[in-house]
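Chemist: There's a structure below that I have some questions on.
The values are calculated or read from the model by the stated rules, or taken from the named source; none is laboratory data. The structure presented is a predicted model; accordingly, all values stated were derived computationally and were not measured. Here the Cβ positions follow ideal geometry from the backbone for every residue, glycine too, while neighbour counts run over all protein chains shown. SASA here: full protein model, heavy atoms, side chains in, ligands and nucleic acids out. Shrake-Rupley method; radii C 1.70, N 1.55, O 1.52, S 1.80 Å.
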Amino acid sequence: MILNLFHLGRVDYATGLDLQKQLVEARHEDRIGNTLLLLEHPPVLTLGRNSDRSNVLASDKFLAYRGVEIHEINRGGDVTYHGPGQLVGYPILDLRSFAPRLGAVDYVRLLEEVLIRALGDFAIPAQRVAGRTGVWTIPGGSVSEKKIAAIGVHISRGITSHGFALNVTTDLRDFDLIVPCGISDRAVTSLELEAPDADSAPTMENAINAVARHFGRVFEHQVIWLEPDQLQLEIPASR
C-alpha cells in the first residue's frame, strides 16, 4: 500500500485541526489514500477527552502573556504541550485497509513501535510502559524512565486522526505549564538531551526522515513524499 506523506513545516494548531478534518472527510470518501502529516506547532496546550483542567498549572492570564493557546479536542488522553522543536505526526489512515483490520489498541502499539525504532537510529533505547501510552526512555541506575513521545488518537468510522508528538529539540521548560498527560511522577525529555554524544545529536530533518522511514516499515506502506498542492486542499506551505 501507498502512504502519502506531507511535511508542512510550522503550522498553527487551528489550521492543523482544519487540515485533519478535510483529510478525514476525503479519506472517508476514498478521494485520498492513507496519509501522514508531519509538522511543528507554535506553543499550544491541548486537552483531550479525558483531560482534567487542573493539570494546566499556569493561569489563563500567564498563558496569554506567553502567547500559548489552549484547545479542547476530541483525541484520547489528558493535557499535552506542542511547540517548536517537537515533531508532530497526524496519520489519516483507514484501519479497515489493513489485513487483518487494525483495532485501536493495535494501532497505538504500532505508533509506539515506529517511534521506538526511530529513536534507535539515534542510539536512544526506548520502551513502552504498561498502562501509560507513549514512548519512554529506558531507565538506568536510580534514574526513572522519562517520557519522550506522547500519543493521543481519535478514530471515527475506522479513520484515524491526531497522533503523536516526539520531542526533538523542544524547550522542555514549557512542560512546566502543565502536568504532562496527567502524569506527575515522571519527567519529560527529548532526543537532544538523550543523544549519547554530539555526533549523534538529532536535527528536526533527520528526525523527520527516521520517523517517515520507520512508519513505512512498521505499517507496511511505501512512503511517497508529496507537495501539499497535490491534494488540492488548503494546506499552507512550509515556513
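Chemist: Would you confirm whether any residue within region 42-55 is in a loop (DSSP other than H, G, I, E, B) and without any contact (Cβ under 8 Å) to a residue 12 or more places away in the chain?
Modeler: no
Chemist: A follow-up question, please. Leu102 - would you say it is of a type in the set (A, V, I, L, M, F, W, C), under 28 Å from Leu226 (Cβ atoms) and surrounded by fewer than 21 Cβ atoms within 10 Å (Cβ to Cβ)?
Modeler: Against the criterion (of a type in the set (A, V, I, L, M, F, W, C), under 28 Å from Leu226 (Cβ atoms) and surrounded by fewer than 21 Cβ atoms within 10 Å (Cβ to Cβ)), Leu102 does not qualify.
Chemist: If you don't mind, another one. Scan (1) under 30 Å from Thr203 (Cα atoms); (2) under 17 Å from the mean Cα position of the chain (by Cα); (3) at pLDDT below 95 for the single condition Tyr13 breaks and write down its number.
Modeler: Here Tyr13 meets the rest and fails (3).
Chemist: Check Thr160, Thr189, Thr170 and return the single one that is polar (S, T, N, Q), closer than 30 Å to Ala26 by Cβ and surrounded by 14 or more Cβ atoms within 10 Å (Cβ to Cβ).
Modeler: Within the list Thr160, Thr189, Thr170, the selection yields Thr160.
Chemist: Here's a follow-up. Count, please, the residues in region 22-31 that happen to be open to solvent by 20 Å² or more (accessible area, probe 1.4 Å) and in contact (Cβ under 8 Å) with a residue 12 or more places away in the chain. Before you say what the answer is, go through the steps one by one.
Modeler: Residues of region 22-31 open to solvent by 20 Å² or more (accessible area, probe 1.4 Å): 22, 24-25, 27-31.
After this cut, where a residue has to be in contact (Cβ under 8 Å) with a residue 12 or more places away in the chain as well, the list is 22, 24, 27-28.
Residues in region 22-31 being open to solvent by 20 Å² or more (accessible area, probe 1.4 Å) and in contact (Cβ under 8 Å) with a residue 12 or more places away in the chain: 4 in total.
Chemist: If you take the residues in region 32-68 that are of a type in the set (Asp, Glu) and either modelled with pLDDT under 95 or touching a Gly at 6+ places or on another chain (Cβ under 6 Å) (or both), which one is most open to solvent (accessible area, probe 1.4 Å)?
Modeler: My answer is Asp60.
Chemist: For region 181-192, enumerate the residues that are out of contact with any Ser or Thr (no Cβ under 9 Å at 6 or more places or on another chain) and either of a type in the set (A, V, I, L, M, F, W, C) or in a helix (DSSP H, G or I) (or both).
Modeler: Ile183
Chemist: So which strands (runs of 3 or more DSSP E) are wholly in region 70-178 and hold at least 1 residues that are within 13 Å of the chain's Cα centre (by Cα) and over 23 Å from Thr203 (Cα atoms)?
Modeler: Working: elements: 79-82, 86-92, 126-129, 132-137, 147-156, 159-167.
Result: 86-92, 132-137, 147-156, 159-167.
Chemist: Just name the residue that is modelled with the highest pLDDT out of those in region 105-122 that are open to solvent by 60 Å² or more (accessible area, probe 1.4 Å) and over 26 Å from Arg27 (Cα atoms). Break it down into steps so the answer makes sense when it comes.
Modeler: Step one: list which residues in region 105-122 are open to solvent by 60 Å² or more (accessible area, probe 1.4 Å), which gives 105-106, 109, 117, 121.
From what is left, the residues that are over 26 Å from Arg27 (Cα atoms) are 117, 121.
Values: Arg117: 98, Asp121: 93.
Restricting to residues being open to solvent by 60 Å² or more (accessible area, probe 1.4 Å) and over 26 Å from Arg27 (Cα atoms), the top hit is Arg117.
Chemist: Still on this structure: Would you please list the contacts, defined by Cβ atoms under 6 Å and residues six or more apart or on different chains, that run from a residue in region 1-20 that is part of a helix (DSSP H, G or I) to a residue that is not charged (D, E, K, R)?
Modeler: Pairs found: Tyr13/His41; Tyr13/Val44; Tyr13/His71; Leu19/Ile235; Gln20/Tyr90; Gln20/Ser161.
Chemist: State the number of residues belonging to region 173-186 that are open to solvent by 10 Å² or more (accessible area, probe 1.4 Å) and under 19 Å from Thr133 (Cβ atoms).
Modeler: 9
Chemist: Across region 192-206, which residue is most open to solvent (accessible area, probe 1.4 Å) among those that are touching an Asp or Glu at 6+ places or on another chain (Cβ under 9 Å) and modelled with pLDDT of 85 or more?
Modeler: Asn206
Chemist: Any residue at all in region 142-157 that's open to solvent by less than 30 Å² (accessible area, probe 1.4 Å), out of contact with any helix residue (DSSP H, G or I) (no Cβ under 7 Å at 6 or more places or on another chain) and touching a residue at least 60 places away in the same chain (Cβ under 8 Å)?
Modeler: Taking every residue of region 142-157 in turn, at least one turns out to be open to solvent by less than 30 Å² (accessible area, probe 1.4 Å), out of contact with any helix residue (DSSP H, G or I) (no Cβ under 7 Å at 6 or more places or on another chain) and touching a residue at least 60 places away in the same chain (Cβ under 8 Å).
Chemist: Okay, moving on. Return the total of residues in region 28-46 being within 20 Å of Ile73 (Cα to Cα) and among the charged types (D, E, K, R).
Modeler: Looking only at that region, the number is 1.
Chemist: Against the condition touching a residue at least 60 places away in the same chain (Cβ under 8 Å), more than 23 Å from Ser54 (Cα to Cα) and touching an Asp or Glu at 6+ places or on another chain (Cβ under 8 Å), how does Thr169 come out, does it pass? Show your work before the answer.
Modeler: On the way: touching a residue at least 60 places away in the same chain (Cβ under 8 Å): yes; more than 23 Å from Ser54 (Cα to Cα): yes; touching an Asp or Glu at 6+ places or on another chain (Cβ under 8 Å): yes.
The answer is yes for Thr169.
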